[in-house]
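> Following this message is one structure expressed as structure tokens.
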Amino acid sequence: MGGFFGAVSRQDVTLDVFFGTDYHSHLGTRNAGMALWDRENGFQRQIHSISNTPFRTKFEKDLERFRGTSGIGCISDADPQPLLVRSHLGLYALTTVGLINNAEDLVDRYFADHARQFMAMGCGKVNTTELVAAMINERESLVEGIRSMQRRIDGSMSVLLMTDTGEIIAARDFRGRLPVLIGKNDQGCCVSFESFAYRKLGYQDAYELGPGEIVRISRDGWETLAPAGDEMKICAFLWTYYGYPNSNYEGVNVEVMRYRNGEIMARDEAEEGGIPDVDCVAGVPDSGLPHAIGYANRSGKPFARPFVKYTPTWPRSFMPSDQKVRDQVARMKQIPVPELIEGKRLLFVDDSIVRGTQLGETVSFLYESGASEVHMRSACPPIMYACKYLNFSRGNNDRDLLARRIIRKLEGDAGEARIAEYADARTERGQCLLKTVCSELGFDSLRYQSLDGLLEAIGIDRKKICTYCWTGEE
């Protein structure tokens, strides 16, 4: 995944870009960068690895030399960026958020057509943002280039492009899978993935780009250079998991949606057979907490926090590159509250169950800490397909997903034709999936939120929401 922030103003925007970008740190853990521009100094840029050190720590020293009335910054789980690009379209800084599945094919076509070169990274692959720039530069204007690039890629791509006149061109991905929002104050404008990032900096909500829309942003406002398309497929996981609680997407607040989602889960479970007799409802920290609060409020069961995560030294358990170290860090972060666990019947709500590795270890940790029962609820349906649009998970193989692994265990390759049945808890195969996961991970019971329930919680037209990871449908 990743996120970006940009600003254009009558005054220096270095701190706005610094803090605005930092507020996207929950979206990526590998690389980050900032690029500033002003009339006297031109472009200034810096890129750092943030895999073991937070954004703020890495960039604080750079603030002393940065100065500009325009700037863009990014947090990225992809390649180092933003890049400075010089072409017949001028000199500009570019940052991207998205995923290109056909990158190698596009590179090969580029070589075949132009016999040019790319700077290769250590793995031999081409920097995704450099590839995007190459496709933009094949056309006679930046807007034509962005449009052409978005039509040619298999995946999705949003961009921020800062020109050598200090303007920012922002483009939302073709199907609007991720948000791009504009804020405004009395000195200028900003553009952001997360709306809360600019509100804290004194900007007010001004405009939300539509799918595929391209706008030019200046200190005086913005204008549409290419209109929005008719078809939107915004990612449902924005609300379920990786969106920040304070943010709004398409007018729907993340935290409010999560409360509502938990309430719908409890409502439906009560109607379909009753909620287990438990001592408390808890959320798997931290992303499961709001879903659990909604579940507890609707079910009438008390909400509690039987364990907490210790985050001052390891704010993100997936930061270390070595899987064994990541697993050990995840275990070290789980600090029990024995008085709330020993002899208790616990019902936990998590935002999702992807591969199930850490969740299984969490259940073992709870039983070792004295729990008598552990029931699990997932705030979304079983994930059946790895995302091919946004790269918000490190794994990109369907076979790594817990639900698909269970299906292969039960039926081998023949089960691939019955994925929809396994995803539906009302079917015999759906019940078999639940029982097998319970057996493997040690739950006393398991339920997934239904797709209908999740879409009801989001509350916008379901035709505008991408549900590929659950249904496999475009």
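Every number here is computed from the coordinates shown, using simple stated rules; none is lab data. Every value quoted in this text rests on a predicted model; they were computed, and no experiment measured them. Neighbour counts are summed over all protein chains in view; Cβ atoms, including those assigned to glycine, are modelled from backbone coordinates with ideal geometry.
> How would segment 252-471 be classified by its alpha-carbon gyration tensor: rounded, prolate or oblate, with rounded meaning a/c under 1.5 and the a/b versus b/c comparison settling the rest?
Since a/c stays below 1.5, the shape of segment 252-471 is classed as rounded.
> Suppose R0 equals 25 Å. What FRET efficiency, 1/(1 + (r/R0)^6) with r the Cβ-Cβ distance, do R418 and E473 give to the nearest 0.05?
Efficiency for this residue pair is about 0.95.
> Let me ask something else about it. Have a look at T29, F111, I100 and report the one farthest towards the positive end of the charge dipole of the chain, computed about the Cα centre with Cβ charges (Lys/Arg +1, Asp/Glu -1).
So the residue furthest toward the plus end is T29.
> Given +1 on the Cβ of Lys and Arg, -1 on the Cβ of Asp and Glu, and no further charges, what dipole in debye does the chain carry about its Cα centre, rounded to the nearest 20?
Dipole about the Cα centre, nearest 20: 680 debye.
> Something else: Identify, among C387, G145, M332, the residue whose Cα sits farthest towards the positive end of the charge dipole of the chain, taking +1 on the Cβ of Lys and Arg and -1 on the Cβ of Asp and Glu, with the dipole about the Cα centre.
M332
> Before anything else, pin down the relative contact order of segment 2-231: Cα pairs under 8 Å, at least 6 apart, normalised by residue count, whole percent.
Relative contact order for segment 2-231 comes out at 21 percent.
> Size of the dipole of segment 2-231 about the Cα centre, Lys and Arg at +1 and Asp and Glu at -1 on the beta carbon, nothing else charged, in debye to 20?
It comes to approximately 380 debye.
> Near K333, which aspartates and glutamates are there with a Cα under 20 Å away, not counting those fewer than 8 places off in the same chain?
D286, D322, E342, D350, D351, E361, E368
> Compute the helix-to-body angle for 142-152: its Cα long axis versus the longest principal axis of the chain, expressed 0 to 90° and rounded to tens.
Taking Cα atoms only, the helix is inclined about 40 degrees.
> At 7 Å along Cα-to-Cβ for each site, give me the label-to-label distance between F303 and D164 in nm.
Rounded to a tenth, the inter-label distance reads 5.4 nm.
> Between helix 402-411 and the chain, what is the angle of the helix's C-alpha long axis to the longest principal axis, kept within 0 to 90° and rounded to the nearest 10?
For helix 402-411, the angle is close to 50 degrees.
> Still on this model: Work out, step by step, the length gained on full extension between D400 and Q11: first 0.36 nm times the residue separation, then minus their alpha carbon distance; give nm to one decimal.
Extra length from D400 to Q11 when fully extended: 135.1 nm.
> On to the next question. Ranked from highest to lowest mean number of other Cβ atoms within 10 Å per residue, what is the order of the peptides 273-286, 157-170?
157-170, 273-286
> Moving on to the next point. From Cα coordinates alone, what are the radius of gyration and Dmax values for the chain in angstrom?
Both quantities, over Cα of the chain: 23.1, 70 Å.
> Going toward the positive end of the dipole of the chain, with +1 on Lys and Arg Cβ and -1 on Asp and Glu Cβ, which of F307, F237, S49 do you reach last?
Among F307, F237, S49, the one farthest towards the positive end of the dipole of the chain is S49.
> Sticking with this structure for a sec: List the relative contact order of segment 252-471 as a percent without decimals, with contacts defined as Cα pairs under 8 Å and 6+ residues apart.
20 percent
> Going highest first, how would you order 6-13, 201-208, 174-181, 106-113 by mean Cβ packing within 10 Å?
174-181, 6-13, 201-208, 106-113
> Ok, one more. Label point 7 Å out from R151 along Cα-to-Cβ: which residues of segment 211-244 have amide N under 19 Å?
Label zone hits: 211-215, 225-232.
> Let me ask something else about it. So which of K301/K344; K233/K388; K125/K388; K388/K435 end up more than 21 Å apart by C-alpha?
Over 21 Å apart, Cα to Cα: K388/K435.
> Using a Förster radius of 45 Å, what is the FRET efficiency between K58 and N101 based on their Cβ-Cβ separation? Nearest 0.05, please.
0.90
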